[in-house]
Amino acid sequence: MESPERGQLGTSGSASQADEHMIIKDIPKEEKWLPGNAACPGCGLSLGLRLMAKAIEHPVVVMPASCGSVVQGGWPKSSASFPLLNIAMAAAGSAASGVSEALEALGKKGTVVAWAGDGGTADIGLQALSGAAERGENIIFVMYDNEAYMNTGIQRSSSTPHGAWTTTTPEGKREFKKEVAHIMMAHNLEYMATASVAFPTDFIEKLRKAEAHKGTKFIQLFSPCPPGWRIDYSKSIEVGKLAVQAGVWILYEYENGKVSISPISRPYLDAKKRRPLKDYLSLQGRFANVDEREATEIEKSVVEKWRFLSRFM
Amino acid sequence: MADKDESSNYIVPAADSKSKALLLRYPISLPDFGSGGKTNQWRLQMPVIDQDKCIKCIICWADCPEATIHRKSDDSVEINYDYCKGCGICANECPTKAIRMVDE
Ligand SMILES: Cc1ncc(C[n+]2csc(CCOP(=O)(O)OP(=O)(O)O)c2C)c(N)n1
Ligand code: SF4
Ligand code: SF4
Ligand code: SF4
Ligand SMILES: [Mg+2]
């Protein structure tokens with residue numbers, strides 16, 4: 001199932017818009033995220049790191065405790081062919097601030113990327129991130145969102161969506177997903193965006209845009225996780241595309257107080273064009289317990305999220 | 001120097017004696033292949049490309065989480081079987097079904 005907007009002819013529907021956007025052939029060939037890493041097969045986080053290292057020429061990565069810390073592999077080897085500092089789980093924002101200041105003081109080149117999970121961003125780590133953003137530290141903070149604490153065995157985070165099974169929500173999560181992007185909007189960042197590993201060119205474009213801005217930049221990256229979402233290894237891209245087509249995951253940018261829906265998500269402004277929510281839910285074992293009533297609740301939260309964003313368009 | 005494009009797109013700085021010395025003194029690792037071991041041993045099925053069906057769209061290359069699809073200068077693609085984990089994303093996403101997953 002190939003969605004037209006992901007084809008090799010650009011990310012957007014109209015020819016003139018397509019010209020302005022990156023196409024798959026423009027993705028750099030160089031691989032700085034090396035094979036033989038320790039990620040599960042089909043890991044969205046692993047693809048995210050690979051694409052990040054293509055988008056940014058000299059990334060200097062700061063990574064709090066997460067699956068990211070593990071997938072780089074064991075001493076004395078690392079799959080990261082770029083500098084990477086492993087740091088305590090709460091400290092991504094503050095450690096990245098320090099690295100950024102140090103690079104500047106030493107006159108060394110490098111783009112500081114804090115690469116944190118949803119737990120290390122939405123829960124443990126929110127304070128350090130908020131502090132960095134308020135000070136306007138020159139960093140790109142990427143929250144790779146696999147919607148649970150995967151590294152420690154799939155516990156719920158505040159970014160786990162409603163209805164999802166985790167080992168600590170055996171009957172499905174009662175609460176709704178915390179919208180970290182909305183919290184970051186309140187920090188008046190120069191640049192903020194959402195992205196998905198299922199749309200590589202869109203993610204790379206956004207990273208490059210972020211790199212061109214000064215101050216703190218934030219990108220929330222949708223990163224499917226086969227064991228945590230109870231999907232087949234081969235389905236992580238498919239489920240990422242479905243999330244966008246169903247309108248559950250909205251690709252957008254926030255600059256100068258304005259939201260602009262990214263070309264890939266633009267058709268789904270019209271609720272009638274969205275794929276049925278059940279197509280998205282039924283592909284994933286983690287939503288197996290979601291009944292009719294709960295599906296309606298989730299549907300309502302999707303509508304509400306679009307309505308919230310439309311206030312800033 | 002060999003045509004880098006044809007042989008490999010991997011960027012792996014050679015470890016010199018200075019960086020190797022650091023390795024013994026500090027808790028650091030150096031970039032290399034197989035940091036998680038020989039990951040081809042994880043595979044239950046392997047992707048096989050039918051080059052006649054391939055339209056060189058490089059979607060499989062863009063979507064592979066492992067960087068184990070080699071994109072050649074003419075945009076034809078080749079699997080790196082040393083480390084491919086057999087996730088099957090490439091086969092699932094290929095628009096012409098040029099990739100088949102076959103039992104090891
Ligand atoms: C302060 C603190 N609490 C708990 C842990 C244990 N821990 C390590 S990784 C992890 C899960 C991180 O989840 P997330 O940030 O979402 O990344 P993921 O593993 O899902 O990729 C936890 C709880 C820790 N290292 N430090
Ligand atoms: S548990 Fe999920 S996020 Fe962690 S390495 Fe495996 S697939 Fe990736
Ligand atoms: S996705 Fe299929 S058609 Fe496209 S390059 Fe890969 S094998 Fe060829
Ligand atoms: S099976 Fe998975 S790891 Fe192997 S080449 Fe295809 S996408 Fe890459
Ligand atoms: Mg997580």
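The values are calculated or read from the model by the stated rules, or taken from the named source; none is laboratory data. What you are looking at is a predicted structure, and each value in this text was computed from that prediction instead of being measured. So basically every Cβ, Gly included, is an ideal-geometry build from the backbone, and we count neighbours across all protein chains shown. Just the protein is used for accessible areas: all its heavy atoms, side chains included, with ligands, DNA and RNA removed. Shrake-Rupley method; radii C 1.70, N 1.55, O 1.52, S 1.80 Å.
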Inset, instruction - Determine ³J(HN,Hα), in whole Hz, for all residues of segment A:159-167 in sequence, where each value follows from phi through the Karplus function 6.51 cos²θ - 1.76 cosθ + 1.60 and θ = phi - 60°; x replaces Gly and Pro. - result: 9, 5, x, 4, x, 7, 6, 9, 5
Inset, instruction - Compute the accessible area per residue over segment A:17-310, keeping the other protein chains in place, probe 1.4 Å, unit Å². - result: 37
Inset, instruction - Scan chain A and note any complete DSSP helix (H) whose C-alpha atoms cover at least 24 Å along its axis and whose Kyte-Doolittle average is 0.5 or more. - result: none
Inset, instruction - Output the Kirkwood hydrodynamic radius of chain B, Cα pairs only, in Å rounded to one decimal. - result: 15.5
Legend entry - chain B, helix-only ellipticity at 222 nm - DSSP H runs n ≥ 4, -39,500 (n - 2.57), divided by all residues, nearest 500: -5000 deg cm²/dmol
Legend entry - Total accessible area lost when B and A pair, probe 1.4 Å, Å² to nearest 100: 3700
Inset, instruction - Would you kindly work out the equivalent ellipsoid of the protein assembly as shown from its C-alpha gyration tensor and give its semi-axes, the square roots of five times the eigenvalues, largest first in whole Å? - result: 30, 27, 22
Legend entry - Sparse-neighbour loop sites [trypsin sites (Lys or Arg not before Pro); segment A:145-175; at most 14 other C-beta within 10 Å; DSSP]: A:ARG174
Inset, instruction - Taking the dipole about the Cα centre of segment A:17-310, with the C-beta of Lys and Arg at +1 and of Asp and Glu at -1, give me whichever of A:GLY125, A:ILE87, A:GLY74 is farthest to the positive side. - result: A:GLY74
Legend entry - Per residue solvent-accessible surface (Å²) - segment B:21-104, probe of 1.4 Å: 47
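Taking each residue of A:225-234 in turn, how many C-beta atoms of other protein chains fall within 10 Å of its C-beta, and what is the average?
3
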Legend entry - Residue list for segment A:272-310, given a label point 7 angstrom along the Cα-to-Cβ vector of A:ARG230 and an amide N cut-off under 12 Å: A:282-291
Legend entry - For segment A:197-257 versus segment A:175-194, the gap between their alpha-carbon centres in whole angstrom: 14
Inset, instruction - Summarise the partner chain shielding of A:81-92 as one whole number: the mean count of Cβ atoms from other chains within 10 Å of each residue's Cβ. - result: 2
Legend entry - Within chain A, helix-based [θ] at 222 nm, where runs of 4 or more DSSP H residues each add -39,500 (n - 2.57), nearest 500: -10000 deg cm²/dmol
Legend entry - Rounded percent of accessible protein surface that carbon and sulfur make up, chain A, 1.4 Å probe: 55
